[in-house]
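> Here it is, the structure in full.
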Amino acid sequence: MSESDSNFSVWGFIKGFGKLVIGLLLLLQGLIGLVVLLLFIGVMVSVTNGIAGSNDKVTMTIPNDAALVLNPNGVLVEQAEDVDPFNVILEEAYGVNEPGQIEVHDLVKVIRKAKEDDRIKGLVLDLGALQVPSSGASKLHYIADEIAKFKESGKKVTAIGDFYSQDQYLLAANADEIYMNDYGNVVIYGYGRYATFVKSLLEKLKITSHVFRVGTFKSAVEPFLRDDMSPEAKEANQAYLDVLWREYVGSVEKARGLNAGAIDEYANNLGAIMKTVNGDFAKAALETGLIDGLKSRAEQNAYLTELYGKSHDGKSFKNVGFRHYLASIDGKHDGGDPNIAVVTAAGVIVDGEAPAGQAAAGDTIAGLLKKAREDDDVKAVVLRVDSPGGSAFASDIMRDELLAIKAAGKPLVVSMGSLAASGGYWISAPADEIWAAPTTITGSIGIFGYFNTFENTAAEIGVYVDGVGTTSLAPILATGVGPLP
């Protein structure tokens, strides 16, 4: 063997051996990574199962003589989208404070529980992040009533905040005392219903509107047909707005011990009131009796610390937040009758399926109703409706299942939330009984279809549609840029 051949063989052996070693190391690294990953997954599954399998779901300590802080951050809804409460708590722990959806029944649940909880000394309303849809009045009154009942326990209720919107103030008014920042304000402007009308704009753009509708008070398509609100729409809107305002005024004046007409005076004559206090909104609220005192954030915290003592870290008062308290009691039996099935139809009615909280999907809700009908342990069904309506087909799918429940001999009761209009009333109608709150908005009975065609707009720029078909209906294929046949 030559010297060159010998060198080549030795070098080849070294390279081959090196590759083998590197390959084994990479394999070992991969195996270690896989083991670590499997261990991590196992731990997470164990933790998740432990949380899910626990009766209390999340175990946490509630300090004695603490204040329950009702500090919802998000939009008040009938039925919230499903979220993992463990993730919510983690987000709060790391300072993530994204607004979400706040289920009205969760707020009521914690207030009711706290009323009987010896660890809870009082209730603090911190409502600055609560958002309420324009149709959510009944939800506010529901919570306000629970706050009033909470006070019957003798526990103190204190409202704090930088300012109070009209909706937030309805809840705050039920507190024993209300404090606000000295640069804050209480905004009370009443209720209104206004729309933007585009009939003249569509005419100028030569857009043709096609409307099919039934129902004198079905005003959904009026913005495309008129340049103002019809007398019928004004009559219907004014009727329900007057009820909402009457209930609001009555609730606030009773809770605050104000003279009759005080809220109307504040809303209608705010300009004159502001002149008497040199344009100071906070002072206006104080002098008209809407609030009890002006305190900065630091002063509010100091006052609450006097009432409840210092928190564990000494930075605040002793308290437990709404989300944490809800997590600590979630899953516990609330005394409801297990033989009554409650099915919620919340949101716009749509065809097909959708997760809870996103929409009232016809197939999804019909499936829940069918399950309740076929379950021999279910003796009655309550349909909770909080919907502006939507798909006629999906409404009828749900209605068919509701009729089947009645045919099976099971009592059917509809409980209306803030809104049960149009399709929301359609699915309510078959019930043996229908219950609504004084501020429930219902009605809007009728149907409509609407679309535009652009044949005249297209013609202005030299675009035309023409062709042939086999039937008198075939020209509908050209509708859009072409006219409606």
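Rule-based calculations on the coordinates, nothing more; no lab input. This is a predicted model, so every value here is computed, not measured. Heads up, the Cβs are rebuilt from the backbone with ideal geometry, glycines too, and the neighbour counts pull from every protein chain shown.
> Mind giving me the nanometre distance, one decimal, between the label points for A195 and A148, set 7 Å out from Cα along Cα→Cβ?
3.4
> Something else about it: Set the Förster radius R0 to 25 Å, insert the Cβ-Cβ distance between D376 and W435 as r into 1/(1 + (r/R0)^6), and round the FRET efficiency to 0.05. Can you show the working numbers first?
Values: r = 26 Å, r/R0 = 1.04.
That pair, D376 with W435, gives E of 0.45.
> Also: Could you list, in their original order, any pairs among K149/K234; K254/K318; K151/K318 whose Cα atoms are separated by more than 28 Å?
K149/K234; K254/K318
> ³J(HN,Hα) across segment 440-449 via Karplus (A = 6.51, B = -1.76, C = 1.60, θ = phi - 60°), whole Hz, x for Gly/Pro?
5, 9, 9, x, 6, 7, x, 9, 8, x
> Just check segment 191-251 against the gyration tensor rule for me: Cα atoms, a ≥ b ≥ c as the square roots of the eigenvalues, rounded for a/c under 1.5, and otherwise prolate or oblate depending on whether a/b exceeds b/c. Could you put the intermediate results ahead of the total?
Details: a/c = 4.22, a/b = 2.32, b/c = 1.82.
Judged from the Cα gyration tensor, segment 191-251 comes out prolate (a/c at least 1.5, a/b above b/c).
> Ranked by Cβ crowding within 10 angstrom, fewest neighbours first, how are V124, V468 ordered?
Least crowded to most crowded, the residues run V468, V124.
> About the Cα centre of segment 165-242, how large is the charge dipole given +1 on each Lys and Arg Cβ and -1 on each Asp and Glu Cβ? Please answer in debye to the nearest 20. Mind dumping the intermediate values first?
Numbers: 8 positive and 11 negative charges, 158 e Å.
For segment 165-242, the charge dipole is close to 760 debye.
> Could you compute the FRET efficiency for S230 and E116, with r as their C-beta to C-beta distance and R0 at 51 Å, rounded to 0.05? Mind showing how you got there, number by number?
On the way: r = 51 Å, r/R0 = 1.01.
Efficiency for this residue pair is about 0.50.
> Another question, then. Return the tail of the calculated pair distribution for segment 251-313, meaning the percent of Cα-Cα pairs more than 13 Å apart. Write out the running numbers ahead of the final one.
On the way: 1360 of 1953 pairs.
Considering segment 251-313, 70 percent of its Cα-Cα pairs are separated by more than 13 Å.
> Sticking with this one: In which sequence would H324, H312, H210, H105 go, from the one with the fewest C-beta neighbours within 10 Å to the one with the most? List each step's numbers first, then the result.
On the way: H324 21, H312 9, H210 13, H105 18.
Ordered by Cβ neighbours within 10 Å, fewest first: H312, H210, H105, H324.
> Only counting other Cβ atoms within 10 Å, I'd like V157, V221 sorted with the fewest neighbours first. Write out the running numbers ahead of the final one.
Values: V157 24, V221 15.
Lowest to highest Cβ neighbour count: V221, V157.
> If I take the Cα coordinates of segment 361-474 and project them onto the principal axes, what are the three extents in Å, biggest first?
Computed over segment 361-474, the largest-to-smallest principal extents equal 67, 38, 19 Å.
> Give me the one-decimal Kirkwood hydrodynamic radius in Å for segment 276-408, with the sum taken over alpha-carbon pairs. Intermediate values should be presented prior to the final figure.
Numbers: mean 1/r = 0.0508 Å⁻¹.
The Cα-based Kirkwood calculation yields 19.7 Å.
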